[in-house]
Amino acid sequence: LGISYYMVPDLFIWPFAAQAEGGDFTPIQLLAANLLKFVAFYCLFDAGVMVFSGALKGAGDTRFVAIASISLSWSGMMLPSLLLLHYRQSIYWFWVTVTFYVTTLCLAFLWRFLRGRWKSMRVIEEAPPDLAVENSGAAGLAEAPVLLAEASNSLAAGE
């Protein structure tokens, strides 16, 4: 899809051009075609963000994903956008900022993934021996309401 944004942007602009009422749609069409080139580039790295952040989160490296996402969104997108607004820059600079942010985020996740630290993380911890359930299965589940009732009665009795 990203390649088609770059190669045939008019295909995506055409439905809007058909609905345009009066006026000259040409400047809007040129702007949209140029912005779709940013989107085409952005899509490649956004796919990488989804793949590598999903892999890292699935492996238990959620802290890195959260810290990288938050810090890069502020330093790579929010603060530059505020500066661009203050200095009244064109929309192209906003897209440069967003594209740079997604590219940097993708490269950060790729770097973390390739380092392999996630391989030593445990997602599901084993229960400590003193908390292990000895009587598992249907029999253990059948006894749960009885144990709950006994615990409730002892709490009510003040034990």
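Rule-based calculations on the coordinates, nothing more; no lab input. Values in this document were obtained by computation on a predicted structure and should not be read as measured data. Note: ideal-geometry Cβ built from the backbone for every residue, glycine included; neighbour counts use all protein chains shown.
Under the rule a/c < 1.5 gives rounded, and otherwise a/b versus b/c splits prolate from oblate, where does the range 2-126 land using the Cα gyration tensor?
Prolate, since a/c reaches 1.5 and a/b exceeds b/c.
For every other residue with a beta carbon closer than 11 angstrom to the beta carbon of Gly60, add +1 if it is Lys or Arg and -1 if Asp or Glu, then tell me the sum. Walk me through the numbers on the way to the answer.
Values: positive: Lys57, Arg63, Arg117, Lys119, Arg122; negative: Asp61, Glu125.
In short, +3.
Label Val51 and Leu107 with points 7 Å out from Cα along Cα→Cβ: what is the distance between them in nm?
Result for the modelled spin labels: 1.8 nm.
Could you sort 109-119, 30-40 so that the peptide with the highest average Cβ count within 10 Å comes first and the rest follow in order?
30-40, 109-119
Using R₀ = 25 Å, calculate the FRET efficiency as 1/(1 + (r/R₀)^6) where r is the Cβ-Cβ separation of Arg115 and Cys43; round to 0.05.
Working: r = 26 Å, r/R0 = 1.02.
Approximately 0.45, to the nearest 0.05.
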